[in-house]
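Participant: Pasting a structure here, questions to come.
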Amino acid sequence: MMKRKLNIANFLMLLGFCLVFTSTVNAMVPKSEKNVLLELYKSTQGQKWNNSWDVNAPVDSWYGVTVENGHVVAINLFRNNLVGSLPESIGELKHLVHLNLAFNTISGEIPKSMVQLNKLEVLKLEMNRLEGEIPAEMGDMKSLTILSAFNNFLSGKIPESLGNIQTLKELNLSSNNLTGRIPNSLGELSKLESLGLFENKLYGSIPGELGKLGQLKELVLANNELGGEIPKEFGQLASLKVLQIQNNNIFSFDNMESMNSGQFLVFDYDKKEVEKENKYKDFDVIKTRMADTKFEDEMEE
């Protein structure tokens, strides 16, 4: 009996040691990763954040930081009063899966090193003051499912390389200063469910390649300088529920005949232009609303 009690006691001691050891290991991160976090803290005035960090405490206790197996895997500083720029070293967080810096006052450019985060699945940068061009190599981030950077001051063209991110489900670059044509390569994003390019300076015709996006539920292209005609390939978008194309320079709506008006929850278009041809009265009964992507991310994720 005594031997059995000793065995149980030894087992409990061993279990306790394992739990403490695991907790200690998880709390520790490589010095290189901790240094990146400290640079982020310094470059965005961490002492003034709504929820600041005690930099002398273990990293896994820092607000918004998740540590697993000894590595930083998530940073969520949504609406936390970050002011300043992002450090170039952020690309060294090789195990990062989730990065949410939305609804802050981050300025400067998107660090080019960010494209090295090939495990990153969620990148949320919306509602900041980011400027400059989107890194051309952003398409190297092959694990992304969400890329959201609406309502910034980003300029230049939409990188062709974004069409390489086969995992992408949501791409929202609305309310920026982007120019040029919509890349044909976006038609390769077979898992894309939402594409927001509202309120930029995009011109040229809408690529017919977008008609290949069989999973697409929301397409917001309003308030640009797009021209040409509605692509006939749009008739293939069977999953589409929201289509907003108003306030552009589109001159032909003939191909709307091939679209099923009954599938839409929201369909906003230049009604007067359509009525000139008096062909598409079915669309008149559809509820319309102005696209407003500015506050889509009010809830923290």
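Participant: Once the Cβ-Cβ distance between residue 184 and residue 133 is put in as r, and R0 is 25 Å, what FRET efficiency do you end up with, to the nearest 0.05?
Facilitator: The computed FRET efficiency comes out at 0.85.
Participant: Related question: Could you give me the ³J(HN,Hα) list for the range 150-159, computed from phi with Karplus coefficients 6.51, -1.76, 1.60 and θ = phi - 60°, whole Hz, x at Gly and Pro?
Facilitator: Each residue's phi maps through the Karplus curve to give 5, 6, 10, 10, 5, 10, x, 9, 6, x Hz.
Participant: Sticking with this one: What number results when the radius of gyration of the range 19-146, computed over Cα atoms, is divided by 2.2 N^0.38 Å?
Facilitator: Dividing the Cα radius of gyration by 2.2 N^0.38 Å gives 1.02.
Participant: Beyond 30 Å between alpha-carbons counts as too far, so tell me which of 34/201; 34/112; 142/217 fall in that bin.
Facilitator: Over 30 Å apart, Cα to Cα: 34/201.
Participant: The range 47-95: Rg/Rh from Cα coordinates, Kirkwood Rh?
Facilitator: For the range 47-95, the value is 0.95.
Participant: Stretch residue 35-residue 50 to full length: gain in nm at 0.36 nm per residue minus the Cα-Cα span?
Facilitator: 3.3 nm
Participant: Still on this structure, I have one more. By how many nm would the segment from residue 118 to residue 251 grow when fully extended, if each residue of separation counts as 0.36 nm and the alpha-carbon distance is taken off?
Facilitator: Full extension of this stretch gives 43.7 nm more.
Participant: What FRET efficiency do you get for residue 28 and residue 166 if R0 is 25 Å and r is their Cβ-Cβ distance, rounded to the nearest 0.05?
Facilitator: After rounding to 0.05, the efficiency reads 0.10.
Participant: Turning to a different aspect of this structure: In whole angstrom, and with the biggest value first, how far do the Cα coordinates of the range 97-285 range along each principal axis?
Facilitator: Dimensions of the range 97-285 along the principal axes of its Cα atoms: 52, 26, 24 Å.
Participant: Just to be sure I understand the model, the point goes 7 Å from the Cα along the line to the Cβ. What's the resulting residue 205 to residue 57 distance in nm?
Facilitator: 5.9
Participant: Over all directions, average the projected area of the Cα convex hull of the range 61-121 and note it in nm².
Facilitator: The directionally averaged projection comes out at 4.2 nm².
Taken together, the values in this text are just the output of simple stated rules run on the coordinates, not laboratory data. As the structure is a computational prediction, the values presented were derived from the model and not from experiment. FYI the Cβ positions are ideal-geometry reconstructions off the backbone, even for glycines, and counts take in every protein chain you see.
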